[in-house]
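Written out below as structure tokens is the structure these notes cover.
Taken together, the values in this text are just the output of simple stated rules run on the coordinates, not laboratory data. Every value quoted in this text rests on a predicted model; they were computed, and no experiment measured them. Cβ placement follows ideal geometry from the backbone for every residue including glycine, while neighbour counts extend to all protein chains displayed.
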Amino acid sequence: MAELTTDTPGSASGDEGAAAVQYPLEVEYCEICTMPPEYCEYGPNPSKCYEWMKTNLPDCYTRLVERGVGGLTLADSKRQKRGGKAIRKIVHCETPKQIKVSTVVRGKKKHVTLIVGLKTFGIDLKKASKSFAQHFSCGSSVTGDDEIVIQGDVSDDVIDFIQGKWPEVDDDSISFTGAQKK
Ligand SMILES: [Zn+2]
């Protein structure tokens, strides 16, 4: 008695909706300095980072070499290259998950707080803007592809608020970059 398990079209089950889920860009972090690979050169021990990167994130390493970072050469990684098409790990190392908060003085004493980068965490900007408005009781609007402007200087509080609401935003991924004048 053979059990027939034919795949009849239309009888697929179990994976409905799975393909519709969209994830934010996958960003790799250097395990040595915990920063996105293109920041390694500013880290405490870049050469150690690059050693690690060479084996673990060869794409990023190659890209850094091509950009002429830190006098790196491809000599070593070339030796490891297989012929033909290597299986490449797709790494978007040009877009690190990073949120930047800054304040801008507009006019005489009108401060606004600028938040850039929420999208790199896949955070819905419209929803975020709405929750800022509610939490800080002030105007907030999406002003760019990945930019939110909150009316008023809420820079003291906004980073805590963001991390409370989206715990995936770790301390290394969000920073206050200071006040700018416009
Ligand atoms: Zn590093």
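Descriptive notes on the structure:
- Amide H partners (placed H, <5 Å) of Thr103, local residues excluded: Leu114, Gly178, Ala179, Gln180
- What the phi angles of region 120-125 give under the Karplus curve with 6.51, -1.76 and 1.60, with θ = phi - 60°, is a coupling list of 5, 9, x, 7, 6, 5 Hz, glycine and proline written as x.
- Between Glu147 and any residue 5 or more places off or on another chain, the built amide H atoms are never under 5 Å apart.
- Built amide H within the under 5 Å cut-off of Ile32, gap 5+: none
- In sequence order, calculated HN-Hα J values of region 43-60 (Karplus, 6.51, -1.76, 1.60; Hz; x Gly/Pro): x, x, 8, x, 5, 5, 4, 5, 4, 5, 5, 3, 8, 9, 10, x, 4, 5
- With 19 Å as the limit, the listed pairs Lys130/Lys165; Lys127/Lys165; Lys108/Lys130 have Lys108/Lys130 beyond it between alpha carbons.
- Debye log10 I(q)/I(0) at q = 0.20 Å⁻¹ for region 99-181, Cα point scatterers: -0.83
- Annotation: peptides 50-60, 123-133, ranked by per-residue average of other Cβ atoms within 10 Å with the highest first, follow the order 50-60, 123-133.
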